[in-house]
Amino acid sequence: MSGNDEHGDDEHDAGEAVVAAVEAVAERIEAERDHLTDLDSAIGDADHGGNMARGWAKAAGAAGDLEDPDPEAVAKTVGKTLMSEVGGASGPLFGGSLVFAGAELADGVTAETAVAFAETYLEKVEDRGDARIGDGTMVDALTPAVHTFKKSIEVDDLEPLEALAKAVDAAERGVAFTVPIRARKGRASYLGWRSVGHQDPGATSTLFILEEVLEVAADRLDAEVPETDATSPTIPDDAESEPGSDDATPEGAE
Ligand code: ADP
Ligand code: MG
């Protein structure tokens, strides 16, 4: 990735990029509707594909109707629309968390605000769903994605697009992790041990959303989607910090 400086990060451009991302997500979710429904039929009530396709189509419409959109306004509009249109357990989780996290984009989209957005979004999903990593929900895709993104930016000093690509790879691993574990939250948890062996629909849709955000970000930067994985080494050989030491903790993190 190079020469992206002239792209500028003015509010309007950023707002349009966010609208483009929402439109791409709506298309992808529509394309994956049956896939998501199949996943939800196995361990839920077979409504995740329909719920999400309806919600994101409306959200893309609402975002496209905004005059002179800025990133915060787009995030909040999409969040509110998802809250009212998606329904089920996932509507308030996706939508409510987006409304909250959208405030982090008040100063536009930079590496710093994107990390704050991602962290706030994850915290809100955890709070609202009372779910943590390992519960077999969307949190299992989100947690590795958000942690990897933050670490890639704050510790490894990677370009935002590469950090995002690593985050997507991390989310993919998180989705795979939902298969062999027992669901402890949401409808799938009613199945008890029978939820083992099934991929979580909400984690899967979360991955699709992140994949589309990455595609649109690369497109906007006129760059290829970086080929990377979440575990490829990013710390130089001569790095002084040892795993687990405080040196490896991003600034501002507890
Ligand atoms: P519902 O379960 O009400 O039918 P959906 O089918 O739209 O809602 O969404 C199901 C997805 O929501 C699950 O696959 C899971 O990822 C997520 N989910 C459900 N409950 C929770 C929770 N308490 N915390 C986090 N995510 C949850
Ligand atoms: Mg469902």
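Each value in this text was obtained by applying a stated rule to the coordinates, not by laboratory testing. All values derive from a computational prediction rather than experimental measurement. Cβ sites come from the backbone with ideal geometry, for glycine too, and all protein chains shown count toward neighbours.
Run the numbers for His12 and Arg128: contour at 0.36 nm per residue of separation, minus the present Cα-Cα distance, in nm.
The span from His12 to Arg128 would gain 38.6 nm if fully extended.
P(r) of the range 8-226 in 10 Å steps, Cα pairs, percent per bin?
Each 10 Å bin holds this share of Cα pairs: 9, 36, 39, 14, 2, 0.
Per-residue ellipticity at 222 nm for the chain, helices alone: DSSP H runs ≥ 4 residues times -39500 (n - 2.57), over residue total, nearest 500 deg cm²/dmol?
Calculated mean residue ellipticity at 222 nm is -20000 deg cm²/dmol.
What percentages, rounded to whole numbers, describe P(r) for the range 122-219 computed over all alpha carbon pairs with 10 Å bin width beginning at zero?
Reading the bins upward from 0: 18, 45, 28, 9, 1.
Which distance in nm do the two modelled labels at Val225 and Leu191 give, with both placed 7 Å along the Cα-to-Cβ direction?
2.7 nm
Given a 10 angstrom Cα cut-off, can you work out which residue in Ala101, Ala46, Ala60 is the most mobile in a GNM of the chain?
Ala46
Simple spin-label model, 7 Å along Cα-to-Cβ: Ala103 to Ser84 in nm?
2.1 nm
Quick check on packing: order 15-24, 142-151 by the mean number of other C-beta atoms within 10 Å, highest mean leading.
142-151, 15-24
Taking the Cα centre of each part, how many Å lie between the range 141-209 and the range 6-48?
Distance between centres, Cα-based: 16 Å.
Cross-chain or 8 or more residues apart, Cα under 22 Å: how many lysine pairs in the chain fit that? Count them up, please.
Eligible lysine pairs with Cα atoms under 22 Å apart amount to 9.
Report the local net charge at Gly202: Lys and Arg +1, Asp and Glu -1, summed over other residues whose C-beta lies under 12 Å from its C-beta.
-3
Which net charge results for the neighbourhood of Asp65, defined as the other residues with beta-carbon distances under 15 angstrom from its beta-carbon, given Lys and Arg at +1 and Asp and Glu at -1?
-3
In debye to the nearest 20, how big a dipole does the chain give about its Cα centre with +1 on each Lys and Arg Cβ and -1 on each Asp and Glu Cβ?
Here the chain has a charge dipole of around 2020 debye.
What does the net charge come to around Val125 if you take all other residues with beta carbon closer than 14 Å to its beta carbon, with K and R at +1 and D and E at -1?
Residues near Val125 contribute -4 overall.
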